[in-house]
Amino acid sequence: MKYIFSLFAILMSLHANVIESPLLSVDNKKEVATISIDKIDLGMSGFVYHVLAPKHTSILKSAVVTQYNEETKIATLKLSDYDGLNNNSLPKGKWSLQVGDIAVFAFGYNRSVLVAPSEEIYHQITKSVRTQWVHPDLFATILSFRGHPTPLKSDFDAMGVATSVGLLFIYLDKKVYMLDIKSFKILSISDAPLVQDSVKLPFYSRVEEIDANWFGEGSDVLEAYEPHYYGLLVKFNKENKKLHDNIANSDKKSHYLLKQFKLGN
């Protein structure tokens with residue numbers, strides 16, 4: 001069970017606490033900001049809030065860590081519109097970000113969802129990793145409402161917003177990939193040599209059938225587990241060499257994805 005304990009250690013040590021840091025600089029036109037932080041992972045997502053008055057704040061932007069300089073301890077953030085609290089009945093401010101506004105990361109990292117190919121694998125992992133697991137039945141319900149029996153990145157976005165999940169785990173070829181569910185960036189990869197003797201598509205859940213749209217992306221029934229989820233991972237992690245090597249060592253059905261990587265020299 002060593003691999004399970006490694007998963008537990010990674011989850012608890014890296015993502016047990018919410019990270020907060022004031023903005024050092026901000027460029028509202030380019031939607032870029034920086035913070036000073038001792039340690040942070042590329043791909044971690046969060047938001048930036050502005051203090052209006054004592055005990056009154058407003059979230060202004062979403063943020064994702066795109067660069068981190070270990071020598072200067074400066075992280076660069078890519079900003080975008082915040083969509084976690086959509087409510088047309090609430091007033092919307094027109095404030096711009098400014099130096100001193102607070103960036104928050106790892107919010108929701110205590111809640112996770114697991115995509116697994118079978119019930120046995122799902123239960124082995126969820127019983128061994130200490131986090132607040134949100135059952136994939138909820139994700140299957142969201143997919144059915146959206147008419148997507150083949151999950152898209154936008155479906156995971158919707159899952160994160162609807163359930164306040166921050167982390168996504170995907171089991172593929174005896175490994176568990178831990179991702180920030182919003183940025184879809186891989187935060188860690190852990191060995192998990194479990195026996196896979198069956199596959200339920202698009203993933204294990206107790207929902208027997210997911211409704212499909214008449215046409216459009218995601219409306220087709222998923223036919224193969226590994227190639228689809230590898231494809232989603234590659235799309236948002238094209239510079240991840242470990243993912244590249246894992247696919248290279250996997251079943252040849254996924255090898256066509258190797259040409260999509262953009263690895264440095």
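Key figures
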quantity	calculated
Amide H contacts of Thr150 (H built 1.01 Å from N, under 5 Å, at least 5 apart or other chain)	Asp220, Leu222
Cβ-Cβ FRET estimate between Trp95 and Phe236, R0 fixed at 41 Å, reported to 0.05	0.85
Value at 222 nm in deg cm²/dmol, rounded to 500, when DSSP H runs of n ≥ 4 in the chain each add -39,500 (n - 2.57)	-7000 deg cm²/dmol
Compactness of region 19-105, expressed as Rg and Dmax over alpha-carbon positions, Å	12.9, 46
Cα-centred dipole magnitude for region 223-265, charges only on beta-carbon of K, R (+1) and D, E (-1), debye, nearest 20	200
Which of Asn69, Phe47, Leu114, positive extreme of dipole for the chain (C-beta unit charges)	Asn69
Whole-Å semi-axes of the chain's equivalent ellipsoid (Cα gyration tensor)	32, 22, 18
Given charges at Cβ of Lys, Arg, Asp, Glu: region 106-235 dipole, positive-most of Ser198, Ser219, Ala162	Ala162
Estimated inter-spin distance, Glu119 and Asp38, nm [label 7 Å along Cα→Cβ]	4.6
Amide proton proximity set for Leu60, modelled H, under 5 Å, gap of 5+	Val48, Tyr49, His50
About the Cα centre, charge dipole magnitude for the chain (Lys/Arg +1, Asp/Glu -1 at Cβ), debye	620
Neighbour count of at most 13 Cβ within 10 Å plus DSSP loop: longest chymotrypsin sites (Phe, Trp or Tyr not before Pro)-free window in the chain	96-213
Taking all pairs of distinct alpha-carbon atoms in region 97-164, Kirkwood radius in angstrom	13.9
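Every number here is computed from the coordinates shown, using simple stated rules; none is lab data. Computed from a predicted model, the values in this text were never measured in an experiment. Glycine gets a Cβ as well: all are built from the backbone with ideal geometry, and neighbour counts include every protein chain shown.
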